[in-house]
Amino acid sequence: MSEALKNTLMAKDFATDQDIRWCPGCGDYSVLKQVQSIMPELGRKKEDIVFISGIGCSSRFPYYMNTYGMHSIHGRATAVASGLKISRPELSVWIITGDGDALSIGGNHLIHMIRRNFNVNVLLFNNEIYGLTKGQYSPTSPEGKVTKSTPIGSLDHPFNPLKLCLGADSTFIARTMDRDPKHQREILLQGSQHVGTSMIEIYQNCNVFNDGAFELFTDKGSKLQETLFLESGKPMIFGAEREKAIALDSSTPRIVNISEANEGDLMIHDETNHFQAQVLTSFFDNPKDEGHLPRPFGVFYAEDRYRYEEAMEKQITGATERMGKGDLDKLLRGNNVWTAS
Amino acid sequence: MTKKVEEKQEVTIVFAGDSGDGIQLTGTQFTNTNALYGNDISTFPNYPAEIRAPQGTLAGVSGFQLKFGSIEVATPGDDCDVLVAMNAAAFKVNIARLKKHGTIIINSDGFNARDLKLAGYDTSPLEDKSLNDFRTIQIDVTKMTRTALIDSGLGKKEMDRSRNMFVLGFLYYMYNRKIEGTIEFIKQKFAKKPELIDANVNVLKAGYHFGDTSEVFTSRYNVKAASLPAGSYRNIMGNQAAALGLVAASQKSGLDIFYGSYPITPASDILHELAKHKNFGVRSFQAEDEIAAMCSVIGASFGGKLGITASSGPGIALKGEAIGLGIMLELPMVIVNVQRGGPSTGLPTKTEQADLLQAYYGRNGEAPMPIVSASTPSDCFNAAFEACRIALEHMTPVFLLSDGYIANGSEPWKFPTADELPSITPKFVPAKTTDETYLPYKRDENLVRDWAIPGMKGYEHRIGGLEKEIDTGNVSYDPDNHDKMVKIREEKIAKIADNIPLQIVNNGAEKGDVLMLSWGSTYGVVKTAVKECNAKGMAVGHIHLTYLSPFPKNLGDLLKNYEHIIVPEINNGQLVKIIRDKFLVDAKGLNKIKGIPFSTKEIIEVIEQKFEVA
């Protein structure tokens with residue numbers, strides 16, 4: 001049946017009649033387009049798909065998806081989705097959140113959802129700024145960031161979102177960007193296929209309040225130098241001429257020139273290697289620093305671990321087998337009854 | 001020696017000791033045995049927030065009060081006939097509540113120099129002449145327990161843990177009750193530790209036999225079974241009854257329960273009870289915090305389950321924003337508040353009714369919601385069932401207010417059969433047959449919208465916390481639309497009054513000089529007080545409200561039948577404000593904010609004052 005659905009549903013079937021209200025030039029448009037385009041690939045019926053968001057610019061997303069959807073409250077999309085997933089494990093659930101929504105006000109729910117490993121997909125739109133409230137620094141803004149609320153520079157040390165997720169025992173972490181639709185589409189598809197919480201961080205440009213935050217990674221002139229696209233089973237190669245690679249020097253990653261390196265020293269990307277994932281998530285240098293490591297994109301880590309909602313179903317089935325289907329009269333009577341006449 | 005048996009109509013006993021002494025267990029066992037015997041009963045556990053407060057101190061005293069009778073028992077009693085004091089601190093905290101000529105059962109081992117010092121006594125109160133008014137039975141419970149266990153191979157510490165059983169056995173003898181029920185309980189409780197079964201049973205029997213053989217008292221007492229209305233009964237605690245009411249509503253509506261909550265005193269026992277009933281399809285989820293608990297319930301309700309959460313005041317405060325979302329989404333869900341002393345952390349293990357205004361007004365914006373309240377431990381069942389019914393039939397979050405007093409208190413419950421309970425019809429949309437666009441916020445004559453859940457083909461829709469356009473549910477910033485929607489949401493709640501019973505005068509005079517208008521856990525004590533005043537010839541009526549929002553349609557008319565309206569509450573005056581606001585009547589508050597329930601005496605005094613003035 002899912003094959004049949006793939007053939008009948010098109011990206012446009014997932015668009016709604018609502019006017020899209022993001023600023024012209026916003027990176028969110030690109031993500032919406034890619035998400036709509038992969039929906040038919042899920043092989044799921046429209047009515048079995050749910051988009052849940054919190055508050056923030058990107059959280060308007062559900063209004064533009066012709067599926068079931070909820071625009072909830074700030075930071076709580078993850079908690080709403082947890083309850084939905086426990087109640088309806090069979091649904092395809094997508095969480096739309098941002099750096100403020102997921103990592104500041106909703107940080108607690110995010111880490112707890114991750115450790116429970118519900119089978120949901122999280123799209124974390126990271127633009128390193130508060131857009132909807134018109135330009136305050138966010139928990140991913142770099143140190144010293146000058147914004148409306150930090151006129152002489154932010155004092156906050158930023159979160160490294162994927163490292164945070166890995167620290168919470170995430171079973172799938174990946175990074176992509178709004179300006180690379182092809183890569184984005186590939187990562188969204190991989191995330192949708194992962195059974196468990198898929199954490200996908202999307203570098204998304206806010207052209208109004210934080211324009212160019214990720215320019216070094218997305219601009220043609222610097223992209224090849226500054227980014228590292230991870231490919232499973234392949235060495236980590238980057239550079240304008242693909243002349244550089246990453247090697248591990250007694251567990252410390254170093255940039256090496258391929259021409260000078262032993263092939264055996266190069267790091268080979270292995271999504272199942274937790275240690276390597278820890279190393280990769282720490283590739284978080286300021287691109288302005290001398291000798292900095294490139295910023296990785298792609299799937300960092302994927303692991304199969306039990307899902308909370310499946311375990312819950314098992315407990316319910318098990319209890320029902322053991323005790324029999326609940327008998328209300330028996331429950332109301334209890335064990336110690338007396339009769340008054 | 002054969003002792004004569006004296007008949008009593010009702011007896012109030014306070015068990016008191018250190019919070020590690022097993023007082024709550026002793027009280028519960030004594031309660032269950034008397035309930036099974038057929039007495040009417042009301043209980044009042046009263047314990048400190050600390051799990052093990054420093055031993056022997058006044059702060060660490062745990063108490064369990066119960067009244068059992070052959071006549072109707074609606075309160076755990078004002079003063080007690082019997083005080084069991086396991087140590088000097090327990091004695092000091094409770095002695096003022098012992099009736100003149102009452103009986104004190106003392107564990108003399110709890111009155112050594114150290115115990116006296118910790119309780120703040122310079123000399124032993126047992127040697128005080130003031131005790132002459134009472135009958136004192138001194139037993140060295142520790143010594144007797146250890147003697148009974150001399151061959152058990154247990155260490156002294158382990159032996160001493162059974163001391164409560166000695167006292168319980170002794171009281172069973174004194175009140176002419178069988179010990180078999182408790183033996184059965186001990187066997188189940190210690191199924192995995194057979195040596196403890198033997199120890200506890202031996203000490204229980206030792207206590208019983210000590211009552212028989214010693215000559216510390218000459219007569220036993222008997223409290224005959226009460227003549228309760230015919231039917232089958234069980235004993236039940238409030239939180240347990242609430243949980244069963246929720247399960248019953250789930251069964252009668254055909255919707256499985258999703259229960260998302262975060263542990264908090266005194267609401268956690270609802271979670272514990274529901275977690276046992278997975279074979280009823282109950283999905284219980286211990287969330288990471290109160291906010292997540294509430295939001296997970298919203299997700300579950302969106303998914304078509306019966307979403308429920310419970311907490312106490314501080315947790316409800318945290319849930320406030322999400323409850324507002326529930327109101328905006330117009331999804332069914334139940335929020336239980338087992339109230340405790342506030343504000344802030346307040347008095348976690350003490351009772352209060354001070355969250356009524358929070359339930360009424362504690363959200364941003366115009367956010368009305370229905371409020372149902374429970375009046376006794378067993379009534380928590382009915383109130384929980386009603387809260388679910390209103391939520392599902394009117395597509396709205398509903399508050400259920402209970403409090404620590406009835407949540408932990410217990411009483412006999414004439415439980416219903418499943419057939420006797422009404423069925424509940426959730427407001428699901430019918431299966432789609434036409435191409436007509438689904439309007440999520442189109443309403444029926446009660447202003448209730450239809451419920452379409454994920455998986456229903458052709459009903460895909462988006463909802464959220466932003467203001468909605470009438471009918472379509474699309475985001476709308478239109479000024480007139482907002483004005484109308486605020487009023488629609490208000491009227492929708494007001495219309496629930498058409499779907500709840502009319503108010504009755506629960507007790508006493510239908511018309512008269514004084515009306516006692518109460519809600520929640522004050523039911524039993526107000527009823528008792530009103531009956532006593534009626535017996536003295538005073539024209540006092542008692543109206544007790546289950547439905548606090550909206551009020552029953554006839555309430556305003558009923559209020560006109562009385563000269564004076566008194567609103568007794570365990571708070572600083574909350575229902576009284578709402579009554580004055582809503583009905584423009586000169587209602588007066590009677591308030592107590594001590595973390596403990598009213599005594600009957602306190603209510604009667606105020607009623608009598610009204611008559612003296614009149």
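Throughout, read-outs are computed from the coordinates displayed, never taken from laboratory work. Quick caveat, the model's predicted, so the values are computed rather than measured. Backbone-built Cβ (ideal geometry, glycine too); neighbour counts: all protein chains shown.
Putting +1 on Lys and Arg Cβ atoms and -1 on Asp and Glu Cβ atoms, find which of A:THR281, A:PRO235, A:MET39 reaches farthest to the positive end of the dipole of chain A.
A:MET39
Each label point is 7 Å from the Cα along the Cα-to-Cβ direction; what then is the distance between the points at B:ASP419 and B:GLN286, in nm?
4.0 nm
Semi-axes, largest first, in whole Å: what does sqrt of 5 times each Cα gyration tensor eigenvalue give for segment A:221-341?
Numbers: eigenvalues 697, 42, 27 Å².
Ellipsoid semi-axes (Å, largest first): 59, 15, 12.
Quote the charge dipole size of segment A:1-144 about the Cα centre in Debye, to the nearest 20; the model charges only the Cβ of Lys and Arg (+1) and of Asp and Glu (-1).
Working: 14 positive and 13 negative charges, 58 e Å.
Dipole size: approximately 280 debye.
Need one number: nm distance between label points at B:GLU490 and B:GLU608, each 7 Å from Cα along Cα→Cβ, rounded to one decimal.
Distance between the two pseudo-spin positions: 4.5 nm.
First check a/c for segment B:192-246, with a ≥ b ≥ c the square roots of the eigenvalues of its C-alpha gyration tensor; if it is under 1.5, answer rounded, and if not, answer prolate when a/b is larger than b/c or oblate otherwise. Don't jump to the answer; show the numbers that get you there.
Numbers: a/c = 3.70, a/b = 1.37, b/c = 2.70.
Oblate, because a/c is 1.5 or more while a/b does not exceed b/c.
Taking the Cα centre as origin and putting +1 on Lys and Arg beta-carbons and -1 on Asp and Glu beta-carbons, what dipole magnitude results for the protein assembly as shown, to the nearest 20 debye? All intermediate terms of the calculation are to be shown ahead of the outcome.
Details: 103 positive and 115 negative charges, 425 e Å.
With only Lys, Arg, Asp and Glu charged at Cβ, the dipole is about 2040 debye.
Would you mind listing how long segment A:224-269 runs along its three principal axes, going by Cα atoms, in whole Å with the largest first?
The Cα atoms of segment A:224-269 stretch 26, 23, 16 Å along their principal axes.
With unit charges on the beta carbon (Lys/Arg positive, Asp/Glu negative), name the residue among A:ILE173, A:TYR203, A:GLN184 whose Cα is farthest towards the positive pole of the charge dipole of segment A:2-213.
A:ILE173
If a helix is a whole DSSP H run, which ones in chain B reach 15 Å or further along their own axis (Cα) and hold a mean Kyte-Doolittle hydropathy of at least 1.0? Please list the in-between numbers first.
Details: long enough: B:23-37 (21 Å, -0.12); B:163-174 (17 Å, 0.85); B:194-213 (28 Å, -0.10); B:238-253 (22 Å, 0.25); B:290-302 (18 Å, 1.56); B:313-329 (24 Å, 1.14); B:379-394 (22 Å, 0.27); B:479-494 (23 Å, -1.35); B:523-535 (18 Å, 0.12); B:600-613 (20 Å, -0.09).
Both cut-offs are met by B:290-302, B:313-329.
Distance from a point 7 Å along Cα→Cβ of B:GLU366 to each backbone N in segment A:69-101: keep the residues under 13 Å and list them by number.
Once the point is set 7 Å along Cα→Cβ of B:GLU366, nothing inside segment A:69-101 turns out to lie under 13 Å by backbone N.
Quick one: length gained pulling A:HIS274 to A:THR252 fully straight, 0.36 nm per residue minus the C-alpha distance? Spell out each step's value before the answer.
Numbers: separation 22, 0.36 × 22 = 7.92 nm, distance 1.51 nm.
Contour length minus Cα-Cα distance gives 6.4 nm.
For a Förster distance of 25 Å, can you work out the FRET efficiency between the beta-carbons of A:ASP289 and A:ALA240, rounded to the nearest 0.05?
Numbers: r = 19 Å, r/R0 = 0.77.
Given R0 = 25 Å and the Cβ-Cβ separation, E is 0.85.
Using the alpha carbon gyration tensor of segment B:50-133, what are the three equivalent-ellipsoid semi-axes (square root of 5 times each eigenvalue), largest first, in whole Å?
Semi-axes (√(5λ), whole Å): 25, 17, 9.
Please label the shape of segment A:196-274 as rounded, prolate or oblate, based on the square roots a ≥ b ≥ c of the eigenvalues of the alpha-carbon gyration tensor (a/c under 1.5 means rounded; beyond that, a/b larger than b/c means prolate, else oblate).
On the way: a/c = 2.75, a/b = 1.47, b/c = 1.88.
Oblate, since a/c reaches 1.5 and b/c is not below a/b.
Given the Cα-Cα distance of B:THR213 and B:LEU584 and 0.36 nm per residue of separation, how much length would full extension add, in nm?
Numbers: separation 371, 0.36 × 371 = 133.56 nm, distance 6.58 nm.
Extra length from B:THR213 to B:LEU584 when fully extended: 127.0 nm.
Quick one: B:GLU467, B:GLU393, fewest Cβ neighbours within 10 Å first, how do they rank? Don't skip to the end; give the middle numbers.
Details: B:GLU467 15, B:GLU393 18.
Least crowded to most crowded, the residues run B:GLU467, B:GLU393.
Mind checking Rg over Rh on segment B:507-613, alpha carbons, Kirkwood formula for Rh?
Using Cα coordinates only, the ratio equals 0.93.
Any idea what diffusion coefficient segment B:352-478 gets from Stokes-Einstein, in µm²/s, Kirkwood Rh on alpha carbon pairs, 25 °C, 0.890 mPa s?
Stokes-Einstein gives a translational diffusion coefficient of 140 µm²/s.
So, in Å, what gap is there between the alpha-carbon centers of segment B:42-91 and segment B:152-213?
20 Å
Once Rh is set to the Kirkwood radius over Cα pairs, what Stokes-Einstein translational diffusion coefficient, in µm²/s, holds for chain B at a temperature of 20 °C and a viscosity of 1.002 mPa s? Can you show the working numbers first?
Numbers: Rh = 26.1 Å.
Approximately 82 µm²/s, per Stokes-Einstein.
Once the Cβ-Cβ distance between B:LYS8 and B:ASP79 is put in as r, and R0 is 25 Å, what FRET efficiency do you end up with, to the nearest 0.05? List each step's numbers first, then the result.
On the way: r = 15 Å, r/R0 = 0.60.
For R0 = 25 Å, the calculated efficiency reads 0.95.
Counting pairs of Cα atoms in segment A:151-196, how many percent are more than 17 Å apart?
Working: 544 of 1035 pairs.
Cα-Cα pairs of segment A:151-196 separated by over 17 Å account for 53 percent.
What ranking, highest mean first, results for peptides A:139-148, A:93-102 when packing means the other Cβ atoms within 10 Å averaged over each residue?
Details: A:139-148: 17.3, A:93-102: 30.3.
With the highest mean Cβ count within 10 Å placed first, the list reads A:93-102, A:139-148.
Average partner chain C-beta neighbours within 10 Å, per residue of B:241-251?
Details: counts 1, 0, 1, 4, 1, 0, 4, 3, 0, 2, 5.
Averaged over the peptide's residues, the number is 2.
With N denoting the number of residues in segment B:142-197, provide Rg(C-alpha) divided by 2.2 N^0.38 Å, to two decimal places. Kindly include the intermediate steps, with their values, before the conclusion.
Working: Rg = 11.8 Å, N = 56, 2.2 N^0.38 = 10.2 Å.
Ratio of Rg to 2.2 N^0.38 Å for segment B:142-197: 1.17.
Return A:PHE283, B:PHE258 ranked ascending by Cβ neighbour count within 10 Å, so the fewest neighbours appear first. Show your work: numbers first, answer last.
Numbers: A:PHE283 19, B:PHE258 29.
Result, fewest neighbours first: A:PHE283, B:PHE258.
Taking the Cα centre of segment B:501-585 as the origin, how large is its charge dipole in debye, to the nearest 20, when only Lys and Arg (+1) and Asp and Glu (-1) carry charge on their Cβ atoms?
Numbers: 9 positive and 7 negative charges, 19 e Å.
For segment B:501-585, the charge dipole is close to 80 debye.
Could you list B:THR103, A:THR339, A:THR67 in order of exposure, starting from the residue whose Cβ has the fewest other Cβ atoms within 10 Å?
On the way: B:THR103 20, A:THR339 10, A:THR67 24.
Lowest to highest Cβ neighbour count: A:THR339, B:THR103, A:THR67.
Please give the FRET efficiency for B:ASN554 paired with B:LYS178, using the beta carbon to beta carbon distance and R0 = 60 Å, rounded to the nearest 0.05. Mind showing how you got there, number by number?
Working: r = 48 Å, r/R0 = 0.81.
So the FRET efficiency works out to roughly 0.80.
Under the classification rounded if a/c is under 1.5, otherwise prolate if a/b is larger than b/c and oblate if not, where does segment A:57-118 fall, given a ≥ b ≥ c as square roots of the Cα gyration tensor eigenvalues?
On the way: a/c = 2.23, a/b = 1.03, b/c = 2.17.
Oblate.
Which of B:TYR361, B:PRO54, B:ILE565 sits farthest toward the positive end of the charge dipole of chain B, with +1 on the Cβ of Lys and Arg and -1 on the Cβ of Asp and Glu?
Comparing the listed Cα positions along the dipole, B:PRO54 ranks first.
In 10 Å bins starting at zero, report the fraction of Cα pairs in chain A per bin as a rounded %.
5, 23, 31, 22, 10, 4, 2, 1, 0, 0
Near B:ASN239, within a Cβ-to-Cβ distance under 10 Å, what is the net charge of the other residues, with Lys and Arg +1 and Asp and Glu -1? List each step's numbers first, then the result.
On the way: positive: none; negative: B:ASP269, B:GLU273.
It works out to a net charge of -2.
Could you check the simple spin-label distance between A:GLN315 and B:ASP122, using points 7 Å along Cα→Cβ, in nm with one decimal?
In this crude spin-label approximation the distance works out to 5.8 nm.
Once all Cα-Cα distances of the protein assembly as shown are split into 20 Å bins that start at 0, what whole-number percent is in each one?
In order of increasing distance, the bins hold 13, 37, 30, 17, 3, 0 percent.
Per residue of chain B, what 222 nm ellipticity follows from adding -39500 (n - 2.57) for every DSSP H run with n ≥ 4, rounded to the nearest 500?
Details: 20 runs with 222 residues, N = 614.
When only DSSP H runs of four or more count, the value is -11000 deg cm²/dmol.
Can you give the helix-only mean residue ellipticity at 222 nm for chain A, where every DSSP H stretch with n ≥ 4 adds -39500 (n - 2.57) and the sum goes over all residues, rounded to the nearest 500 deg cm²/dmol? Display every interim value, and only then the final one.
Details: 11 runs with 100 residues, N = 341.
Only helices count here, giving -8500 deg cm²/dmol.
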